[in-house]
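J.: Provided herewith is a single structure, encoded as structure tokens, for subsequent inquiry.
The values are calculated or read from the model by the stated rules, or taken from the named source; none is laboratory data. Since we're looking at a predicted model, the values are computed, not measured. Glycine gets a Cβ as well: all are built from the backbone with ideal geometry, and neighbour counts include every protein chain shown. Ligands, DNA and RNA are excluded from the accessible area calculation, which covers all protein heavy atoms including side chains. Shrake-Rupley method; radii C 1.70, N 1.55, O 1.52, S 1.80 Å.
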Amino acid sequence: MSKPLFIRQLLVAGARDTIPMLVGAAPFGVIFGSLAMSAGLPVWAVLLMSLWVFAGSSQFIAIGLLGAGAAMPVIWLTTLVVNLRHALYSASLMRFVRHLSWRWRLALSFWLTDETYAVVQHHYANAENAAHGHWYYLGSCLAMYGNWFFWTVIGVVFGAAFPQLGGWGLDFAMVATFVGIVAPLLRNWPMVATAVVAGGVALIGAHWPYKLGLMAAAGGGVATGMLLSRLLQRGAP
Amino acid sequence: MTLLLTLLGMGLLTWLIRLSFFALGERVTFPAWLIEALRYVPVAVLTAIIAPAVFMPEGPQGAVTLNPYLAGALATGWISWRYQHLLASIACGMLVFAVVRFLFPLF
């Protein structure tokens, strides 16, 4: 197989496997676009957020903060805390990108979202994909990026026409994909314990500000998994 | 002008967070315990994102409830765990979600 054809297939595969995420993100893009407009933000600012920040939860929170007249450092700090979980994704995928050029790493990191992380780490879980996985990763990135911008524009232009979009349940596509990716991983007790603790803490912390509940859940889950794994090893004859 | 600066800063910070470990390149190696900890990150983080969406679809102020999201998630989870087919599990889950939603339009 020729190299360009191979690369194109990986790009397409990455984008195709991201389709459920695109469906899930669509309503949020529309809601963001329309919400930002109704909050009085200029069109260039709304579009810039989706193109330059490209992080849904922090974009929504920023609308609220800007509307309330919050100071710049406050908005920056909030953005930092809310998006902190992306550092975990960065650490998790690091070994697959460390051999790549600076240009690749800058690009792949810029477009790293929850959704692309889930899809790509699932892809890399298969050892065969380690060498050329960055093309697949890029395909997922570009699909999410174009999709997010497209639906943001739709929200800006048509937002008022779809007031009930949030109630359609399209976000379940993303939930389903995440569940589908996690479920097969729950094959040993440390992993099961990780999921139970992470889920529990996430529910407890669901109302905490700045998505701190999520970070606590991730940290607690990882710690539980490691702890149980060590305990079981020590217990074995 | 402040608005532009605010947005530029938000994006830059977000990029730096995402770049963080990617920037380390090949010079740094992780200690064994950290490599092991990273193995649990996907399950921990994805479950942390799923749990509120599945058990509290009405939002954090709502109680934990039985609902179409939970029904769909259980369907997807079961098929994915048992048959290891991602696309089929997602499709089935969405079907169950739609059906339960249709039957119980309170949601």
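J.: Any chance you could check the Cα centroid distance between the range A:134-157 and the range B:8-75 for me, in angstrom?
T.: Taking the Cα centre of each part, the range A:134-157 and the range B:8-75 sit 20 Å apart.
J.: With every protein chain present, what is the per residue accessible area of the range A:1-75 (1.4 Å probe, Å²)?
T.: Details: 3310 Å² over 75 residues.
It amounts to 44 Å² per residue over the range A:1-75.
J.: If you don't mind, another one. How big is the charge dipole of chain A about its Cα centre, in debye rounded to the nearest 20, if each Lys and Arg gets +1 on its Cβ and each Asp and Glu gets -1 on its Cβ?
T.: Values: 12 positive and 5 negative charges, 140 e Å.
The dipole of chain A has a size of about 680 debye.
J.: Against the longest alpha carbon principal axis of chain B, how many degrees, from 0 to 90 and to the nearest 10, is the axis of helix B:2-19 turned?
T.: It works out to around 90 degrees.
J.: Under unit Cβ charges (Lys, Arg +1; Asp, Glu -1), what dipole magnitude, rounded to 20 debye, does chain B have relative to its Cα centre? Let's see the in-between values first.
T.: Details: 5 positive and 3 negative charges, 23 e Å.
That gives chain B a dipole magnitude of about 120 debye.
J.: With runs of 4+ DSSP H residues as the only contributors, calculate the mean residue ellipticity of chain B at 222 nm using -39,500 (n - 2.57) per run, divided by the residue total and rounded to the nearest 500.
T.: Working: 5 runs with 75 residues, N = 107.
Roughly -23000 deg cm²/dmol at 222 nm, from the helical runs in chain B.
J.: Same structure again: Between A:Val43 and A:Arg234, what is the spin-label point distance in nm, taking each point 7 Å from the Cα along the Cα→C-beta axis?
T.: The two pseudo-label positions are separated by 6.4 nm.
J.: Between A:Val192 and A:His99, what is 0.36 nm times their sequence separation minus the Cα-Cα distance? Round to one decimal in nm.
T.: Details: separation 93, 0.36 × 93 = 33.48 nm, distance 3.25 nm.
Extending this stretch completely gives an extra 30.2 nm.
J.: Once you put a point 7 Å from the Cα of A:Phe150 and another 7 Å from the Cα of A:Ala68, both along the Cβ direction, what distance in nm separates them?
T.: Here the answer is 3.5 nm between the modelled labels.
J.: Using the charge dipole of chain A (Lys, Arg: +1 at Cβ; Asp, Glu: -1 at Cβ; taken about the Cα centre), state which of A:Met21, A:Val157, A:Gly33 has its Cα farthest towards the positive end.
T.: Value computed over the given set: A:Met21.
J.: In the neighborhood of A:Ser140, defined by Cβ-to-Cβ distances under 13 Å, what is the net charge if each Lys or Arg adds +1 and each Asp or Glu adds -1? If you can, show how the numbers build up before the last one.
T.: Details: positive: A:Arg16; negative: A:Asp17, A:Asp114, A:Glu115.
After counting each charged neighbour, the total is -2.
J.: If you don't mind, another one. Given R₀ = 22 Å, FRET efficiency for B:Leu34-A:Ala13 by Cβ-Cβ distance, to 0.05? All intermediate terms of the calculation are to be shown ahead of the outcome.
T.: Values: r = 30 Å, r/R0 = 1.38.
Taking R0 as 22 Å, the efficiency between B:Leu34 and A:Ala13 is 0.15.
J.: Across bins of 20 angstrom width beginning at 0, how are the C-alpha pair distances of the protein assembly as shown distributed, in whole percent?
T.: 30, 61, 9, 0
J.: In what sequence, largest accessible area first, do A:Leu142, A:Leu93 appear using a 1.4 Å probe? Let's see the in-between values first.
T.: On the way: A:Leu142 85, A:Leu93 0 Å².
Sorted descending by solvent-accessible area, the residues read A:Leu142, A:Leu93.
J.: Given the peptides B:39-49, A:192-202, arrange them by the average over their residues of other C-beta atoms within 10 Å, most packed first. Each step should come with its number before you reach the end.
T.: Details: B:39-49: 25.7, A:192-202: 23.4.
Final packing ranking: B:39-49, A:192-202.
J.: Return the calculated 222 nm mean residue ellipticity for chain A, to the nearest 500 deg cm²/dmol, obtained by summing -39500 (n - 2.57) across DSSP H runs with n ≥ 4 and dividing by the residue count. Numbers along the way, then the final one.
T.: On the way: 12 runs with 174 residues, N = 237.
For chain A, the value works out to -24000 deg cm²/dmol.
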